[in-house]
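Notes follow the structure.
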Amino acid sequence: MKNEKLNSSNYISKRPSLKERNFTSDSVENIIKEVKVQIADEELAWMFENCFPNTLDTTVKYSEIDGKPDTFVITGDITAMWLRDSTAQVWPYLSLINTDPKLKKLIIGVINRQTKSVLIDPYANAFNFSDEEGSEWEADLTDMKPELHERKWEIDSLCYVVRLAYGYWKETSDISPFDDTWLKAMDLIYETFVKQQRKNDLGPYKFQRHTAVSTDTLPLSGYGNPTKPNGMINSSFRPSDDACIYGYLVPSNLFAVQSLRQLSEMFIKIFNNKKRADKFSDLAEEIEKATYKNAVSSYLNYRAIFAYEVDGFGNKLFMDEANVPSLLALPYLGSIDAENPIYKNTRKFLFSEDNPYFFEGKYGEGIGGPHVGLDMIWPMTVIVRALTSNDDSEIIECLKMLKRTHADTGFIHETFHKDNPKNFTRSWFAWANTLFGELILTLYKNKPNLLKIKL
């Protein structure tokens, strides 16, 4: 891999002017200044300053409805709100909200908007601001509603709703967002997970799209390829919004286990409701046992690794995709310990030529997926690789890769070509930007010595 950087920049801030920013947080501005002066590499510091506030600068729309905070979060160049992305985009700000009431209200607004969205349709992945915008996907063959931007059933969409609520509660001890409406949404999440175990029938969800892209639609009248009930949850689509080949998506099922246990804890400690708490924890245990039983096996020369997808009939798909949840990201999500032998074996497989979506080129190496295509590396996987590593040399190499592949833009993209970083997709992808900021902030807190190295 090449170590040379692309043409140098002047490192002038790429942020919108103060008056053009969607939202400004004093705590975020203060932490940017605090961290930036501790980063020895000028280019890396410049990237952090551009990326960490990108969600607040450009994607949030805050208001109050009937006195309650409401925050709509677009992904960037797509002006819709994904449940997954909206949580991931604001996640690294949680540690700052106890000293910033304005930012705290913004996060409550995201929780409230997500709650409302789940109650509109628990099977939808992306939502419009209102029922007036319309969508390019409104003709999809599924139960579309005017509030929906897209209706792809992905387990992780609902998990991210739980992740944000739980993370907010653990950070603040504030229970004000968890009203009767929120309780209804959590019950609906549970019911949706149970229905998509498909023990008795295929359930109410189906999806088809008129398209030449096979990963954008589902076979067999929109229900997807056959699965044999085994206790796992069917996910029609992956977090990349691509269709699953085998319906039991392993990282998303393990993410669901974590989410259900978080709900169980919340229902015990906030509501003192053991009956409902047990309901969540029992389902979590069932899914976890089924996942380990069906998804762990030897493969090629690898002993006891996770498959990416399984179908309950014994078929297994060995690969990984970039979007989180992924197999790589399981420790980042808290779904498994990074030292777990199965995870460590799986990780070796993921960064090998045996993974069909691992790419290595002149400027970097990482994992991609069919969503964009071959030889296109997702910087998200480089970031998550660093976030799930305790190896200083590996983390430093990830930072170097991120530095040499932003194509002089100062921002993190969806993908870049392994041999040409200027061939990239999505110049405005807030999740990737904020995740990069999260990595730098995490290193500042846990491994500050690595930021003092001139890359």
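The values are calculated or read from the model by the stated rules, or taken from the named source; none is laboratory data. Not measured: the values here are computed from a predicted model. Cβ atoms come from the backbone with ideal geometry, glycine included; neighbour counts cover every protein chain shown. Side chains are part of the model used for accessible areas, which takes the heavy atoms of the whole protein and leaves out ligands, DNA and RNA. Shrake-Rupley method; radii C 1.70, N 1.55, O 1.52, S 1.80 Å.
Within the stretch 383-403, restricting attention to residues that are open to solvent by 10 Å² or more (accessible area, probe 1.4 Å) and among the β-branched types (Val, Ile, Thr), which residue is farthest from residue 362 (Cα to Cα)? Full working, then the answer.
Step one: of the stretch 383-403, the residues open to solvent by 10 Å² or more (accessible area, probe 1.4 Å) are 385, 387-394, 396-397, 400, 403.
Now narrow it down to the ones that are among the β-branched types (Val, Ile, Thr): 388, 396.
Numbers: 388: 24, 396: 17 Å.
Out of the qualifying residues, it is 388.
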Worksheet entry | Failed item, numbered, when residue 264 is tested on (1) open to solvent by less than 50 Å² (accessible area, probe 1.4 Å); (2) in contact (Cβ under 8 Å) with a residue 40 or more places away in the chain; (3) not in a strand (DSSP E or B) | (2)
Practice prompt. Go through the stretch 377-396 residue by residue and tally those that are within 18 Å of residue 411 (Cα to Cα), touching a Phe, Trp or Tyr at 6+ places or on another chain (Cβ under 7 Å) and not in a helix (DSSP H, G or I).
Written response: 1
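Checking the structure you have, find out if any residue of the stretch 412-422 is among the hydrophobic types (A, V, I, L, M, F, W, C) and either touching a strand residue (DSSP E or B) at 6+ places or on another chain (Cβ under 6 Å) or crowded, with 22+ Cβ neighbours inside 10 Å (or both).
Residues of the stretch 412-422 among the hydrophobic types (A, V, I, L, M, F, W, C): 412, 416.
So of that shortlist, the ones also either touching a strand residue (DSSP E or B) at 6+ places or on another chain (Cβ under 6 Å) or crowded, with 22+ Cβ neighbours inside 10 Å (or both) come out as 412, 416.
The answer is yes; a qualifying residue exists.
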Worksheet item: Within the stretch 31-88, how many residues turn out to be open to solvent by less than 10 Å² (accessible area, probe 1.4 Å), assigned to a loop (DSSP other than H, G, I, E, B) and over 20 Å from residue 383 (Cβ atoms)?
Response: 1
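Would a scan of the stretch 146-160 turn up a residue that is surrounded by fewer than 15 Cβ atoms within 10 Å (Cβ to Cβ) and either outside any strand (DSSP E or B) or in contact with a strand residue (DSSP E or B) (Cβ under 9 Å, 6 or more places away or on another chain) (or both)?
Step one: list which residues in the stretch 146-160 are surrounded by fewer than 15 Cβ atoms within 10 Å (Cβ to Cβ), which gives 146.
Then keep just the ones that are either outside any strand (DSSP E or B) or in contact with a strand residue (DSSP E or B) (Cβ under 9 Å, 6 or more places away or on another chain) (or both); that gives 146.
Within the stretch 146-160, one or more residues are surrounded by fewer than 15 Cβ atoms within 10 Å (Cβ to Cβ) and either outside any strand (DSSP E or B) or in contact with a strand residue (DSSP E or B) (Cβ under 9 Å, 6 or more places away or on another chain) (or both).
Output the residues belonging to the stretch 267-286 that are within 17 Å of residue 195 (Cα to Cα) and either among the basic types (Lys, Arg) or surrounded by fewer than 22 Cβ atoms within 10 Å (Cβ to Cβ) (or both).
So the first thing to find is which residues in the stretch 267-286 are within 17 Å of residue 195 (Cα to Cα), and the list is 279-286.
Listed by number, the residues that qualify are 279, 281, 282, 284, 285, 286.
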Item to complete: State which residue is nearest to residue 360 (Cα to Cα) when the search covers only the stretch 1-60 and only residues that are modelled with pLDDT under 95 and basic (Lys, Arg).
Response: 2
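Determine whether residue 199 is buried (at least 22 other Cβ atoms within 10 Å of the Cβ), at pLDDT 95 or above and part of a loop (DSSP other than H, G, I, E, B).
On the way: buried (at least 22 other Cβ atoms within 10 Å of the Cβ): no; at pLDDT 95 or above: yes; part of a loop (DSSP other than H, G, I, E, B): yes.
Taking the combined requirement at face value, the residue does not satisfy it.
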Discussion item. Against the conditions (1) among the aliphatic types (A, V, I, L, M); (2) touching a residue at least 60 places away in the same chain (Cβ under 8 Å); (3) assigned to a loop (DSSP other than H, G, I, E, B), where does residue 283 fall short? Just the number, please.
Written reply: (3)
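On the given criteria, is residue 104 of a type in the set (D, E, K, R), buried (at least 22 other Cβ atoms within 10 Å of the Cβ) and closer than 21 Å to residue 172 by Cα?
On the way: of a type in the set (D, E, K, R): yes; buried (at least 22 other Cβ atoms within 10 Å of the Cβ): yes; closer than 21 Å to residue 172 by Cα: yes.
It is true that residue 104 is of a type in the set (D, E, K, R), buried (at least 22 other Cβ atoms within 10 Å of the Cβ) and closer than 21 Å to residue 172 by Cα.
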Practice prompt. Scan the stretch 423-445 for residues that are open to solvent by less than 10 Å² (accessible area, probe 1.4 Å) and outside any helix (DSSP H, G or I) and report the count.
Written response: 1
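Quick one: is residue 407 in contact (Cβ under 8 Å) with a residue 24 or more places away in the chain, in contact with a strand residue (DSSP E or B) (Cβ under 8 Å, 6 or more places away or on another chain) and over 25 Å from residue 242 (Cα atoms)? Break it down into steps so the answer makes sense when it comes.
Numbers: in contact (Cβ under 8 Å) with a residue 24 or more places away in the chain: yes; in contact with a strand residue (DSSP E or B) (Cβ under 8 Å, 6 or more places away or on another chain): yes; over 25 Å from residue 242 (Cα atoms): yes.
In short, yes.
Each row is one residue, and each column tells you yes or no for (1) loosely packed, with under 15 Cβ neighbours inside 10 Å; (2) over 19 Å from residue 327 (Cβ atoms).
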| residue | (1), (2) |
| --- | --- |
| 205 | no, yes |
| 215 | no, no |
| 218 | no, yes |
| 221 | yes, yes |
| 238 | no, no |
| 241 | no, no |
